[in-house]
Amino acid sequence: MFDNIVNELVSRVSTDNLWLKDILKILFANEELKTKFINEIRRSTIIWQITNEALLKSGIKEKCKILAIWDIKYFWDLENKWNKLIKNALGNINTENLTWYDLTSQWSSELRVRLKEYMWMYYNLQLINQNITSNIVLSYWWTDAFVTVLDSIKSFFPKNKINFIFPEASFMANVKIAENILWESSLLKINKPIWNNFFFTKNQFKENTLWIDDINIYYITTVWNPTWQKLDNLNLIEILEYISSQHNSIIILDNVYVGLLRNEISSLMFDKIFSNPNIMKHIIFIESLSKTLGATGIRIWWSWSVNDWYIGEIKKTTILKKAWFSKLLNELGINLLSDLWKIEEFQNLVYDYWSSQRLKFINFIKNNFQCYFDFNNSPEVQDREGIYVFLKVKDWYKIEDIFAETWIIGVWINLSDWLYIRYAFGNVNYY
């Protein structure tokens, strides 16, 4: 893909006596890569690929590690268990169900039932005084779901200005999508209030007064990408109560990581929310099998709400802009979720493995590269909870220098109080 860059590096390895850290510094300074790959995750990954290709061609055995992308790769017995789950699901597909076209775009009621049953693994849905099965709308991937929701909100309120309010430690790819759909002037970033809070507070909302006739979208990631902190349930309910008191507010809850928590923790986060009809009518939930089931190659995402008006408009947008949800994915999802006991058993093994990688990584960093990071001002790394490690860089170091010295590439994130690095653990067995 970048043969010219690789060949130049190989030539310089012999003439300039370059080493791995020198190559990384050169690539992070490369203007061509900065221009082509604005997204930090993609640029980090491309630099990793170029670096290791140049090292291989130069006869250098050392390699740098990549902890930037959250793709999935299973190892050892987990791989065997995953293969068995998928092969069984594929083998049970009813091919007769792949031959017709759903002109009304009503989607599979059976898959929606299965997804609701799946959500019981991390929610206490009996607290919702409504059958939400018919209010589940399927999507192919997060971008598809997110764009559909934003397009639908625009159709709700064609004459109103729409503001998009988000904490600065949000998944920036979604923020950039919102900017593209709603325009830059519609975005309002809320800085982290204190050193150990990457969310925002009720008082910060009051300080950022918005026009009364505007529609305000609050984009909230309850279990974080990038920080992997989960919101304190009391703080979350206080904020959602305040937002819901404003008649012109819509809440998008990005819950794609909630299912990675232990059931007793994830249920507690939402018990008071599910029991509050006034809050619930303001919320559009976004969920995913890609994250909770560790199935990034199976693109099944869904949005849902108890607000029939919201869901009605989302369905209209979906019918207008999409032919239908994939019949093949529909059948695969139904069969894959047919035995939730096996799914839960598999997921627990996967989450524990990811947790061990994170804990071993943080010990490795503390033992070898502690000088680069401010651990006191970084989110604590705990057992089981998460797929990321989010570390604050000490304020006299550059990101590219840390990547070069550690030989580990992550994703750099610039917050109001300084630079951070997010490391991801979905596809590694380094530690």
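Report yes if ASN216 is in the same structural domain as SER303 (by TED's automatic domain parsing), in contact with an Asp or Glu (Cβ under 6 Å, 6 or more places away or on another chain) and part of a strand (DSSP E or B), otherwise no. Judged against the criteria, ASN216 is not a match. For the residues TYR122, TYR118, the requirement of being in the same structural domain as LEU328 (by TED's automatic domain parsing), touching a residue at least 40 places away in the same chain (Cβ under 8 Å) and not in a helix (DSSP H, G or I) singles out TYR122.
The residues of the stretch 174-189 that are touching a Leu at 6+ places or on another chain (Cβ under 9 Å) and in a helix (DSSP H, G or I), listed by number, are VAL175, ILE177, ALA178, GLU179, ILE181, LEU182. The single condition among (1) among the polar types (S, T, N, Q); (2) surrounded by 13 or more Cβ atoms within 10 Å (Cβ to Cβ); (3) in the same structural domain as GLY294 (by TED's automatic domain parsing); (4) in contact (Cβ under 8 Å) with a residue 60 or more places away in the chain that THR143 does not satisfy is (4).
Do we find a residue being among the small types (Gly, Ala, Ser) and not in a helix (DSSP H, G or I) anywhere in the stretch 368-383? Yes: the stretch 368-383 contains one or more residues that are among the small types (Gly, Ala, Ser) and not in a helix (DSSP H, G or I).
Within the stretch 384-422, the set of residues being assigned to a helix (DSSP H, G or I) and within 25 Å of PRO193 (Cβ to Cβ) comprises ILE399 only.
Going by the conditions given, is ILE60 among the aliphatic types (A, V, I, L, M), under 17 Å from ALA404 (Cα atoms), assigned to a helix (DSSP H, G or I) and touching a helix residue (DSSP H, G or I) at 6+ places or on another chain (Cβ under 9 Å)? Answer is no for this residue.
The condition (being under 22 Å from the mean Cα position of the chain (by Cα), surrounded by fewer than 18 Cβ atoms within 10 Å (Cβ to Cβ) and not charged (D, E, K, R)) is satisfied by just one residue among ILE181, ILE220, ILE194: ILE181. Taken as a whole, the structure leaves ILE251 outside the set of residues that are more than 20 Å from TRP228 (Cβ to Cβ), touching a Leu at 6+ places or on another chain (Cβ under 6 Å) and in contact (Cβ under 8 Å) with a residue 12 or more places away in the chain.
The values are calculated or read from the model by the stated rules, or taken from the named source; none is laboratory data. What you are looking at is a predicted structure, and each value in this text was computed from that prediction instead of being measured. So basically every Cβ, Gly included, is an ideal-geometry build from the backbone, and we count neighbours across all protein chains shown.
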